[in-house]
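Chemist: Have a look at this one before I ask anything.
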Amino acid sequence: MAEVIVALDTRTADEALGLVDELGSPAKYFKVGLELFTRGGPAVVHALRERGKRVFLDLKLHDIPNTVAGAVKAASALEVDLLTLHVSGGRAMMEAAREAAEAVPGTPPRLLGVTVLTSLDRGQLARIWGRSTDDADGGVEEDVVRLAELARGSGLDGVVASPQEARALRRAFPQPFLLVTPGIRPAGRAPDDQRRTATPGEAVEAGADFLVVGRAVTGTRDPAPSFQAILSQVRRAHSTSPEAGVP
């Protein structure tokens with residue numbers, strides 16, 4: 001069954017760990033992003049590991065190959081499960097990351113290529129890549145699939161993309177290639193600053209392996225029931241879509 005990852009997009013480590021403890025044993029996987037890691041550092045990851053939690057370290061590495069390779073080695077020492085880097089960093093950078101992960105004793109993190117951020121829409125992406133906005137229709141999905149092909153060819157384990165591209169990605173890249181989908185919003189909830197979103201059920205039916213949920217849980221008055229509601233939606237989607245994958 002697809003796993004739900006809770007994004008710890010909090011201001012302090014104490015706030016993040018308090019949320020982890022509030023969610024309790026049903027929540028097994030947590031994302032540590034740039035803000036929390038910058039504030040709390042490796043100690044946050046250690047605290048999660050001590051609680052028996054799995055860690056998605058979402059640093060979106062993007063630098064010269066040697067620097068990224070060093071960062072991958074450092075992250076591997078933290079025993080994180082998933083680690084992100086930008087596909088737009090290029091093949092040499094991704095291959096260096098792969099080699100660095102494989103050189104670390106024990107179980108290395110699975111490396112995920114970030115394709116197109118969920119905060120971008122077709123028009124914005126067209127402007128970034130210097131294309132006419134008149135040609136923007138369909139551009140996001142085409143770019144995401146193209147970047148995913150580059151990530152797979154460079155030895156990465158999967159990609160991060162919005163759930164709106166998950167179906168096309170799963171058709172092009174069968175498992176065990178991983179699909180991680182942020183931008184998950186329960187039906188009726190505002191998309192906030194993300195442009196390309198979907199419900200938990202839609203993401204599962206499209207073939208996502210991991211669903212990243214942030215404010216739909218952490219921004220509610222009662223995070224634990226909100227998380228349980230999302231888990232129920234994921235289970236329901238699997239019961240009606242037996243072909244949905246297992247990470």
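Chemist: Going by the structure shown, is ALA97 at pLDDT 95 or above, in contact with a strand residue (DSSP E or B) (Cβ under 7 Å, 6 or more places away or on another chain) and assigned to a helix (DSSP H, G or I)?
Modeler: Answer is yes for this residue.
Chemist: Being touching a residue at least 40 places away in the same chain (Cβ under 8 Å), under 19 Å from PRO200 (Cβ atoms), among the charged types (D, E, K, R) and surrounded by fewer than 19 Cβ atoms within 10 Å (Cβ to Cβ) is the filter here, so list the residues in the range 1-47 that pass it.
Modeler: GLU3, ASP9
Chemist: Could I ask something else about it? Can you tell me which residues in the range 149-177 are under 16 Å from the mean Cα position of the chain (by Cα), over 17 Å from ALA96 (Cα atoms), assigned to a helix (DSSP H, G or I) and at pLDDT 95 or above?
Modeler: LEU169, ARG170 - these are the residues of the range 149-177 that are under 16 Å from the mean Cα position of the chain (by Cα), over 17 Å from ALA96 (Cα atoms), assigned to a helix (DSSP H, G or I) and at pLDDT 95 or above.
Chemist: Hey, can you tell me all the residues within the range 28-39 that are farther than 14 Å from GLU79 by Cα and touching a strand residue (DSSP E or B) at 6+ places or on another chain (Cβ under 8 Å)?
Modeler: Applying the first criterion (farther than 14 Å from GLU79 by Cα) to the range 28-39 yields 28, 33-39.
Residues satisfying the conditions are LYS28, GLY33, LEU34, PHE37.
Chemist: Within the range 104-116, can one find any residue that is closer than 23 Å to ARG171 by Cβ, small (Gly, Ala, Ser), touching a residue at least 24 places away in the same chain (Cβ under 8 Å) and in a helix (DSSP H, G or I)?
Modeler: No, because not a single residue in the range 104-116 is closer than 23 Å to ARG171 by Cβ, small (Gly, Ala, Ser), touching a residue at least 24 places away in the same chain (Cβ under 8 Å) and in a helix (DSSP H, G or I).
Every residue, every condition in (1) more than 19 Å from the chain's Cα centre (by Cα); (2) crowded, with 18+ Cβ neighbours inside 10 Å; (3) hydrophobic (A, V, I, L, M, F, W, C), yes or no:
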position: PRO65; (1), (2), (3): yes, yes, no
position: VAL68; (1), (2), (3): no, yes, yes
position: VAL80; (1), (2), (3): no, yes, yes
position: THR84; (1), (2), (3): no, yes, no
position: ARG91; (1), (2), (3): yes, no, no
position: MET94; (1), (2), (3): no, yes, yes
position: ALA101; (1), (2), (3): no, yes, yes
position: PRO109; (1), (2), (3): no, yes, no
position: VAL114; (1), (2), (3): no, yes, yes
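Chemist: Quick one: which strands (runs of 3 or more DSSP E) lie wholly within the range 14-88 and hold at least 2 residues that are closer than 18 Å to GLY155 by Cα and of a type in the set (A, V, I, L, M)?
Modeler: Those strands (runs of 3 or more DSSP E) span 82-86.
Chemist: Only one of (1) within 18 Å of PRO109 (Cα to Cα); (2) in contact with a Pro (Cβ under 8 Å, 6 or more places away or on another chain); (3) of a type in the set (A, V, I, L, M, F, W, C) fails for ALA47. Which number is that?
Modeler: Only one criterion in (1) within 18 Å of PRO109 (Cα to Cα); (2) in contact with a Pro (Cβ under 8 Å, 6 or more places away or on another chain); (3) of a type in the set (A, V, I, L, M, F, W, C) is unmet by ALA47, namely (2).
Chemist: Is it the case that some residue within the range 86-105 is in contact with a Pro (Cβ under 9 Å, 6 or more places away or on another chain) and of a type in the set (Val, Ile, Thr)?
Modeler: no
Chemist: Follow-up question, since we're still on this one. Of the residues THR181, THR197, THR218, only one is under 24 Å from LEU117 (Cα atoms), of a type in the set (Val, Ile, Thr) and at pLDDT below 80; which?
Modeler: It is THR197.
Chemist: Against the condition touching a Lys or Arg at 6+ places or on another chain (Cβ under 7 Å), crowded, with 22+ Cβ neighbours inside 10 Å, modelled with pLDDT of 90 or more and closer than 17 Å to GLU3 by Cα, how does VAL212 come out, does it pass?
Modeler: On the way: touching a Lys or Arg at 6+ places or on another chain (Cβ under 7 Å): yes; crowded, with 22+ Cβ neighbours inside 10 Å: yes; modelled with pLDDT of 90 or more: yes; closer than 17 Å to GLU3 by Cα: yes.
Against the criterion (touching a Lys or Arg at 6+ places or on another chain (Cβ under 7 Å), crowded, with 22+ Cβ neighbours inside 10 Å, modelled with pLDDT of 90 or more and closer than 17 Å to GLU3 by Cα), VAL212 qualifies.
Chemist: Here's a follow-up. Are there any pairs with C-beta distances below 8 angstrom linking a residue in the range 213-233 that is at positive phi to a residue that is surrounded by 17 or more Cβ atoms within 10 Å (Cβ to Cβ), with the two at least 6 apart or on different chains, and if so which?
Modeler: none
The values are calculated or read from the model by the stated rules, or taken from the named source; none is laboratory data. For clarity, every value in this text was computed on a predicted model and none was experimentally measured. Virtual Cβ from ideal backbone geometry, glycine too; neighbours counted across all protein chains shown.
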